[in-house]
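Taking it in order: structure first as C-alpha cells, then the write-up.
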Amino acid sequence: MKLNKSDLIKTLQRFQGFSARERYLSIVTVALAVLYGLYALFYAPLLADKMLLEQKILAQTQVYQYLQTLSAEVLALRSQQQVVPERSVTESLMALVEASSLEMEIKSAIKSIAAEGENKVNISLDDVAFDNLIAWIINLEVTYGITVTQINTVALAHKKGDVSCQLSLTR
C-alpha cells in the first residue's frame, strides 16, 4: 500500500473535522497503539528471554549443587582404601577363580581354564547365564582385585539370556 500525498491531505482534513473530544481520543488511541507495538516488538521478547535465562540459571545452579554433593561423596569413597582379603594375596589366581566360581555357582559352565603365568588366566565358559557371569566378574574384582582384560561373549540362540564366553583375567 502506497501512501499518496492526497491520501494524507484527506486524512488530515478528516481529522480537523473531528470535534475536540474525537481528536483527543484519536491521538490517545494512536499513542496507545504505538506503545503496544513497541512493547510487542521490543520489551515482551526481552522479558521472555530474561525469564527463560533465569530458569536456566536456576536449573544449572541446582545441577551444580547436586554435583558438589556428589563430588564430596566421591572424595569420601576414594579416601577409603580398598581392602583386598588376605586370601587373594596368598592364593594363586587359578585357585581364586575356582573358589569364586563355586561360590557364584558357575563352575559347571567353565569348559577350560588356562594359566599364562602367575597373574593371567584365560577361561572359556559355555551356556552360562549372562547375569550370573556379570555378577561373578564383579565379585572377582571387588573381592579379590582380579580384573578382566579381555572378554568375548556370544548370545546363545537356543536359550534366552545365556551366553558363551572367553575371558582373560589378571591380578
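Miscellaneous remarks
- Within the chain, the longest run free of GluC sites (Glu not before Pro) that sit in a DSSP loop with at most 15 other Cβ atoms within 10 Å is 1-90.
- Residues listed by number, the stretch 138-169, amide nitrogen under 17 Å from D127 label point at 7 Å toward C-beta: 154-166
- Counting all C-alpha pairs of the stretch 1-55, share separated by more than 19 Å (%): 57
- Spherically averaged projected area in nm², based on the convex hull that wraps the Cα atoms of the chain: 23.6
- Over the chain: helical MRE at 222 nm, DSSP H runs n ≥ 4 each giving -39500 (n - 2.57), nearest 500: -18000 deg cm²/dmol
- Neighbour-limited loop hits for trypsin sites (Lys or Arg not before Pro), the stretch 1-82 (at most 13 other Cβ within 10 Å; DSSP other than H, G, I, E, B): K2
- Among the DSSP helices (H) of the chain, those spanning at least 18 angstrom by Cα along their long axis with an average Kyte-Doolittle hydropathy of 1.0 or more are 20-38; this is a geometric and hydropathy rule only.
- Gain on full stretching of the segment that runs from V148 to A40 - 0.36 nm per residue minus C-alpha separation: 32.5 nm
Since every read-out is calculated from the coordinates, none of them should be taken as a lab result. Note that the structure is a prediction, hence the values are computed from the model and not measured. Ideal geometry is used to build each Cβ from the backbone, glycine not excepted, and the neighbour counts take in all protein chains shown.
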